[in-house]
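Participant: Have a look at the structure that comes next, please.
The values are calculated or read from the model by the stated rules, or taken from the named source; none is laboratory data. None of these values were measured; they are calculated from a predicted model. We place every Cβ from the backbone using ideal geometry, glycine too, and count neighbours over all the protein chains shown.
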Amino acid sequence: MAGRRRARPAVVPGVTQVNRWVDRGAIYAGWVGVGMGVTIAVSFLLVIPIEPILWLLAFPAGLVIGYYANARSGRQAGPWSRILANGAWAGLLTALTIALCFLVTKWIFFSADNGYRNAADGGPIAGCEAGADCVYQRYLAEGKGPELEAAGIHDVDDFSAFYWREQLGTAGTVFVLTLLGGLGGAAVYGIARPRAANASATTRGAGPDEV
């Protein structure tokens with residue numbers, strides 16, 4: 001009937017109503033993970049360009065942020081599903097950040113390559129067009145032509161497709177490792193969290209999302 005108001009769910013005194021999929025502390029931890037991801041990517045893709053370190057740090061970074069998401073939430077009670085969701089959310093944001101930073105950095109260097117080389121390396125690559133052509137010619141100048149030929153790469157277009165398949169594969173691996181780390185960190189927290197003796201004391205001072 002018009003004008004009839006829908007009945008609201010009954011609120012039981014002393015019982016916290018939780019509507020979020022993750023705790024507020026996990027949301028905060030997710031943004032911390034974004035900052036962590038940017039820092040890792042910038043440090044080991046630009047400042048000290050040692051790409052394998054990025055791969056090695058992906059899983060530990062996820063572990064840290066997955067654990068922190070629950071520690072920040074004070075998640076000392078409650079279901080395993082919420083603990084894992086907290087870690088998955090923070091791990092997801094961290095994983096996306098690292099993977100996207102990786103791809104953006106690769107795109108910048110790929111697009112901006114103008115064939116420059118130090119004199120000790122043979123000087124600038126003559127006759128290449130900035131971007132994919134210069135990157136391709138750089139690979140050929142480094143003696144990788146036979147490897148490319150063996151992989152079925154015969155021109156710049158083939159090389160570009162091959163290059164970005166490789167980069168997307170690496171970004172996907174880093175993403176999965178970081179996300180799994182987030183779940184692993186949440187699992188570690190769930191196993192090590194304080195038990196019932198401390199849970200009641202924490203619950204009394206916890207916020208709406210932390211019960």
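Participant: Being over 12 Å from the mean Cα position of the chain (by Cα), loosely packed, with under 14 Cβ neighbours inside 10 Å and modelled with pLDDT under 95: is that true of residue 24 here?
Facilitator: So residue 24 does not fit the description; no.
Participant: Those residues that are closer than 30 Å to residue 98 by Cβ and charged (D, E, K, R), I need them from the stretch 122-169; list them, please.
Facilitator: Answer for the stretch 122-169, where residues must be closer than 30 Å to residue 98 by Cβ and charged (D, E, K, R): 133, 138, 142, 144, 147, 157, 158, 165, 166.
Participant: Still on this structure, I have one more. Could you tell me which of the residues 33, 37 is modelled with pLDDT of 95 or more, touching a Cys at 6+ places or on another chain (Cβ under 7 Å) and within 22 Å of residue 66 (Cα to Cα)? Break it down stepwise before answering.
Facilitator: Working: 33 fails: touching a Cys at 6+ places or on another chain (Cβ under 7 Å).
Being modelled with pLDDT of 95 or more, touching a Cys at 6+ places or on another chain (Cβ under 7 Å) and within 22 Å of residue 66 (Cα to Cα) holds for just one of 33, 37, which is 37.
Participant: Which condition does residue 128 not pass, out of (1) at pLDDT 95 or above; (2) more than 25 Å from residue 56 (Cβ to Cβ), if it passes all the others?
Facilitator: That leaves (1) as the condition not met.
Participant: Given the conditions (1) exposed (fewer than 12 other Cβ atoms within 10 Å of the Cβ); (2) within 9 Å of residue 66 (Cβ to Cβ), which single one is not true for residue 182?
Facilitator: (1)
Participant: Okay, moving on. Condition test on residue 71, is it touching a residue at least 60 places away in the same chain (Cβ under 8 Å) and either touching a Cys at 6+ places or on another chain (Cβ under 7 Å) or crowded, with 19+ Cβ neighbours inside 10 Å (or both)?
Facilitator: On the way: touching a residue at least 60 places away in the same chain (Cβ under 8 Å): yes; either touching a Cys at 6+ places or on another chain (Cβ under 7 Å) or crowded, with 19+ Cβ neighbours inside 10 Å (or both): no.
No: the conditions fail for residue 71.
Participant: Within the stretch 142-186, count every residue that is touching a Gly at 6+ places or on another chain (Cβ under 7 Å) and assigned to a loop (DSSP other than H, G, I, E, B).
Facilitator: 0
Participant: Right, here's the next one. Can you pull out the residues in the stretch 142-169 that are surrounded by fewer than 15 Cβ atoms within 10 Å (Cβ to Cβ) and in contact (Cβ under 8 Å) with a residue 40 or more places away in the chain?
Facilitator: The one that is surrounded by fewer than 15 Cβ atoms within 10 Å (Cβ to Cβ) and in contact (Cβ under 8 Å) with a residue 40 or more places away in the chain: 168.
Participant: What are the pairs, 6+ residues apart or on separate chains, where a residue within the stretch 120-131 that is at positive phi has its Cβ under 8 Å from a residue that is modelled with pLDDT under 85 and in a loop (DSSP other than H, G, I, E, B)?
Facilitator: Matching pairs, first to second residue: 123/117.
Participant: Mind listing whichever residues of the stretch 117-141 are surrounded by 12 or more Cβ atoms within 10 Å (Cβ to Cβ) and in a loop (DSSP other than H, G, I, E, B)? Walk me through how you get there before you give the answer.
Facilitator: To start, the set of residues in the stretch 117-141 that are surrounded by 12 or more Cβ atoms within 10 Å (Cβ to Cβ) comprises 117, 121, 124-125, 128-141.
Listed by number, the residues that qualify are 117, 124, 125, 128, 129, 130, 131.
Participant: Being in contact (Cβ under 8 Å) with a residue 24 or more places away in the chain and buried (at least 20 other Cβ atoms within 10 Å of the Cβ): is that true of residue 172 here?
Facilitator: no
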